[in-house]
Amino acid sequence: MRVRPVAGIVVRQLYLMRGSPARVLPLFAWVAIDIVLWGFISRYLNSFTSSNGARVDFIPQLLGAVLFWDFFTRVMLGITTAFFEDVWSRNFLNLFASPLSIAEYVTGLVVTSILTSTIGLIVMLVLATAVFGLPLFAIGVKLIPLLLVLFVFGIALGVMASAMVLRFGPASEWLVWPIPALLSPFAGVFYPLSTLPDWMQWVGRILPPSYVFEALRAMFANQPLGPGGSQLLAAALAVLQVALAGWVFARVFRQAVRSGLLARYSAESVS
């Protein structure tokens, strides 16, 4: 894999953002709104429980979950949005008429997602810790493996969603945006998996974020993290899913080239 083609994909996205503030604002605006909204909700719930004599701190449980889930969402959307830029501009023929491999293109999308999701993560950390006192830095390096699992799974889902649009056409873009919301009930973002029906628990167990949020709740409650194998299983699932997503994208791309679908892209062509 060559560095220059990957850097070219990244630089193109940076030029797009530099030339359009409307592309920069969503990198931090929506995550800031989420943190502020859930931060004040958590404060309200804290005051309610305190007035009844029971002290439960909702800020780590709710605000921490929102921060981690928003980070995963930013990673996924960082890939799909960069991909959509090429869909909207009908730029695929220009890209792949050059000596650019599929692996280099996808790697460029991943690096772009790293940059954009890092901006959102910094904004969320500053707001959550400085304004609402979320004790993330007290936990320290223990959070890094959890963030890495969410990051890898976000890449997998972003690449898979891009493959879906590549296969079914630009009009299927609307199927991508609700994916994080559809997964959140199964991932146990705000509650343990044990509260779900059995069939939803089975779905949750194949989603790496479910293990991340179980561990996060245990950390904030000063409880044992449980079997160490659960975190290894989450990492293994995330790596397996990102490899599967890469394979699916490459296969869909080759099929789109052979069938001529890549050249016939239009907003109305969904097949």
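Every read-out reported here was derived from the displayed coordinates using simple, explicitly stated rules and does not represent laboratory data. Source: prediction; values computed, not measured. Using ideal geometry, Cβ is built from the backbone for each residue, glycine included, and neighbour counts are taken over all protein chains shown.
Taking the Cα centre of the chain as reference, the dipole from Cβ charges on Lys and Arg (+1) and Asp and Glu (-1) amounts to some 560 debye.
Note on the chain: GNM, Cα springs under 10 Å; of Ala234, Ala163, Ala218, the largest mean-square fluctuation is that of Ala218.
Positive end of the dipole of the stretch 1-95, charges at C-beta (+1 Lys, Arg; -1 Asp, Glu), about the Cα centre: which of Asn94, Leu16, Leu45 has its Cα farthest in that direction? Of the candidates, Asn94 comes out farthest on the positive side. When peptides 176-185, 117-126, 134-143, 63-72 are ranked by their average number of other Cβ atoms within 10 Å per residue, the highest-first order is 63-72, 117-126, 176-185, 134-143. Of the DSSP H helices in the chain, those with a Cα length along their own long axis of 30 Å or more and a mean Kyte-Doolittle hydropathy reaching 0.5 comprise 29-51, 64-88, 102-130, 143-168, 228-259. Protection proxy ranking for 25-32, 144-151, using the average of other Cβ atoms within 10 Å per residue and placing the highest first: 144-151, 25-32.
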